[in-house]
Amino acid sequence: MKCNDARTFMSQISGKSVTIQVQQSDVNFLATNGYLSVMPKEDYDRALAEVANLAQMNDALQNEMVQEGIARAALAKDERKTHSILFHLEGRDEKEAEIGKVEGERGALAKEDADIVEKDSRIKELIQKKSAIDRMVACDGEYVSLTGLGVLTLNDLNVRNYRVSDSDFSDFMEERMETLGELHSIAERGSYQVSNLRTRVPEADFSQLWNVSIGLAKLRADQSQINQRFLLALGILHHFDSTLDNKMMAAEIITSLSANPSQSSIDNSDLQDLTKTLQNLDHDLRHHAKVPKQISTGVAALVMFGKRYDGTYPTDRFLEFSRMTHSYESAAILSVMSDPSNQLPSKFQSFRSMFGLWGYQTSEDTELASAFLSISDLQPDDVKWKMSIIVTALKNYLEYPLVGAAILTSIPTLEANETLDLMEKAYSQLWSFAIGLERSELVSLSVRMIHGIKNELVEKLDPTAKILKTPVQFTHTPSSIFFGYYAPLIIVHSIYYSTFSGIGGFHPAHVHGVGGGGFGG
């Protein structure tokens, strides 16, 4: 069964008018796998007859409940009488008669209550049955309806149909379950990291812990060893002058530089050397580029991430870009890109101009958004419609959505509706783990969670492009064309930690002003 056929059939079921012919084997497949509920006509007719008198049964129950209330009031009155002073003055026969009357009333009321409970349970059962048959539609002598899973699947088919219409439905569902499984796994591993870091880094708030934990959870190595390496790195960075956010960002980057899934265990003997390199870069950036000490450690870690093949670091490129922008984080993002043709400066300026034409004043938001888009494979003309759709959607959740929208837009293989749908799935996996975070914070974490996805390979954003069978990959291995060596693309994760810069800094889960968590400030 092709995806388009499944979508058409399920859409007609949802619209309660099945007009296409579907093979019984396909109906059986959908029912067996939990997408359809199927009822033979005989069972449907019987259920229809059972619920036919539902309204009358409910009216009768309401009347019975009124009578039960009257009987309960009468019982209470008689019980009070048996506890009065006058009752003790009555004769033995009168007392026994009154007590017998009360006991009889109690027995009758108990039976009435049991009858009401039974009838109420039966009515609730019939209401559920009526709800089920109301959703059903006739189909080749049977009656069918979508299950909860079927409704969710139809929504996914509607989002992805332009790309998967000719794919086998079973392949589509396999990919869907792999994606949901990976998102759940990241959320679960993130929760593990939070629980381990909470007592070890008590000065960090819950949002900060979740930010770093999502980044650590996306590293492909043993999570307990990752946790240990991160804590060791953070401890070594304790004497640095930057904010806690920037130290955590730097510690995460250092952690990632050894998180190699091919190793059976992580070797932490390189931490001192990496820290020494970071310290030297921190010193150079503060003295030569005038990077404020509050963020210099985080910026230096980003530059360290951009180590070249010859062992040098792109400090020269950082100096060049820091003359173009007051956002040191943006300069760091741009500097790690390998740009032999030197097109990045003009590309960065093009995105800044695009936001200016949209009415945005220059801010940390516009600079960071321009930087993230500049290191993608996309040009302003490629992203303006996608970006505008995503910005509009994120405004419902974030007061400052521009940077988050740029990060999502920079995922080149997904259209806007697919990207937002994937973010919603990440959100749904996160909320049960990250209890206590605001909605804006969860949205920000969801952006971080899915950025870096590479589960499809298409040459361009082409509505006719088909899915190619590739592993779901959320760590986003950098292209050798752009980056000097292999490592998870940590900058798309850790740049979120900066909270200070020449313009103002940003934090995706920071509450700005009167409402919302912001990418930007």
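The values are calculated or read from the model by the stated rules, or taken from the named source; none is laboratory data. Remember, predicted model here, so these are calculated numbers, not experimental data. Reconstructed Cβ throughout: ideal geometry from the backbone, glycine too, with neighbour counts over all protein chains shown. These area figures cover heavy atoms from the full protein model, side chains too; ligands, DNA and RNA do not enter into them. Shrake-Rupley method; radii C 1.70, N 1.55, O 1.52, S 1.80 Å.
Every residue, every condition in (1) at pLDDT 90 or above; (2) surrounded by fewer than 16 Cβ atoms within 10 Å (Cβ to Cβ); (3) farther than 15 Å from residue 371 by Cα; (4) touching a strand residue (DSSP E or B) at 6+ places or on another chain (Cβ under 8 Å), yes or no:
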site: 291; (1), (2), (3), (4): yes, no, yes, no
site: 300; (1), (2), (3), (4): yes, no, yes, no
site: 309; (1), (2), (3), (4): no, yes, yes, no
site: 314; (1), (2), (3), (4): yes, no, yes, no
site: 325; (1), (2), (3), (4): yes, no, no, no
site: 331; (1), (2), (3), (4): yes, no, no, no
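Being assigned to a loop (DSSP other than H, G, I, E, B), touching an Asp or Glu at 6+ places or on another chain (Cβ under 9 Å) and among the hydrophobic types (A, V, I, L, M, F, W, C) is the requirement here; does residue 299 meet it?
no
With the condition being on the phi > 0 side of the Ramachandran plot and touching a Gly at 6+ places or on another chain (Cβ under 8 Å), I'd like the helices (runs of 4 or more DSSP H) fully within region 162-248 carrying at least 2 qualifying residues.
Of the helices (runs of 4 or more DSSP H) lying wholly inside region 162-248, none has at least 2 residues that are on the phi > 0 side of the Ramachandran plot and touching a Gly at 6+ places or on another chain (Cβ under 8 Å).
Looking at (1) buried (at least 17 other Cβ atoms within 10 Å of the Cβ); (2) under 21 Å from residue 347 (Cα atoms); (3) hydroxyl-bearing (Ser, Thr, Tyr), find the lone condition where residue 419 falls short.
The number of the failed condition is (2).
What is the one condition in (1) open to solvent by 10 Å² or more (accessible area, probe 1.4 Å); (2) at pLDDT 85 or above that residue 264 does not satisfy?
(2)
Yes or no: residue 399 of a type in the set (Asp, Glu), touching a residue at least 40 places away in the same chain (Cβ under 8 Å), open to solvent by less than 10 Å² (accessible area, probe 1.4 Å) and over 23 Å from residue 414 (Cα atoms)?
No: the conditions fail for residue 399.
If I go through region 109-134 residue by residue, how many of them are without any contact (Cβ under 8 Å) to a residue 60 or more places away in the chain and surrounded by 13 or more Cβ atoms within 10 Å (Cβ to Cβ)?
Total satisfying the criteria: 6.
For region 23-53: of the residues being over 16 Å from residue 170 (Cα atoms) and not in a helix (DSSP H, G or I), which is most open to solvent (accessible area, probe 1.4 Å)?
Once the filter is applied, the top-ranked residue is 53.
Return the pairs, sorted by first residue and then second, in which the second residue is part of a loop (DSSP other than H, G, I, E, B) and surrounded by fewer than 16 Cβ atoms within 10 Å (Cβ to Cβ), the first residue lies in region 428-448 and is touching a residue at least 60 places away in the same chain (Cβ under 8 Å) and hydrophobic (A, V, I, L, M, F, W, C), the beta carbons are less than 9 Å apart, and the residues are 6+ apart or on different chains.
Hits for this filter: 437/431.
Any idea which of (1) closer than 30 Å to residue 157 by Cα; (2) at pLDDT 80 or above is the one residue 66 doesn't satisfy?
With (1) closer than 30 Å to residue 157 by Cα; (2) at pLDDT 80 or above applied to residue 66, the lone miss is (1).
Would you pick out the residues in region 133-173 that are charged (D, E, K, R) and within 12 Å of residue 37 (Cα to Cα)?
Of everything in region 133-173, those that are charged (D, E, K, R) and within 12 Å of residue 37 (Cα to Cα) turn out to be 135, 142.
Just the residues that are at pLDDT below 75 and within 28 Å of residue 148 (Cβ to Cβ), please, taken from region 77-135.
Of everything in region 77-135, nothing turns out to be at pLDDT below 75 and within 28 Å of residue 148 (Cβ to Cβ).
I need every pair where a residue in region 251-270 that is under 13 Å from residue 215 (Cβ atoms) and hydrophobic (A, V, I, L, M, F, W, C) has its Cβ under 8 Å from the Cβ of a residue that is open to solvent by 50 Å² or more (accessible area, probe 1.4 Å) and modelled with pLDDT under 85, sequence separation at least 6 or different chains.
That search, which allows pairs on different chains as well, returns 259/220.
Can you tell me which residue is farthest from the chain's Cα centre (by Cα) among those in region 135-153 that are under 15 Å from residue 8 (Cα atoms) and open to solvent by 50 Å² or more (accessible area, probe 1.4 Å)?
Filtering region 135-153 for residues that are under 15 Å from residue 8 (Cα atoms) and open to solvent by 50 Å² or more (accessible area, probe 1.4 Å), the one farthest from the chain's Cα centre (by Cα) comes out as 151.
Being loosely packed, with under 15 Cβ neighbours inside 10 Å, among the small types (Gly, Ala, Ser) and modelled with pLDDT under 90 narrows it down to one of 215, 181, so name that one.
When all the criteria are applied, what remains is 181.
Among what's in region 54-97 and is of a type in the set (A, V, I, L, M, F, W, C) and under 30 Å from residue 133 (Cα atoms), pick the residue that is surrounded by the fewest Cβ atoms within 10 Å (Cβ to Cβ).
This residue is 55.
Within the bounds of region 346-360, is there any residue that is closer than 23 Å to residue 251 by Cβ and open to solvent by less than 10 Å² (accessible area, probe 1.4 Å)?
No - not one qualifying residue is present in region 346-360.
Just give me the residues in region 59-94 being in contact with a helix residue (DSSP H, G or I) (Cβ under 8 Å, 6 or more places away or on another chain) and not in a helix (DSSP H, G or I), in sequence order.
Of everything in region 59-94, just one residue is in contact with a helix residue (DSSP H, G or I) (Cβ under 8 Å, 6 or more places away or on another chain) and not in a helix (DSSP H, G or I), namely 90.
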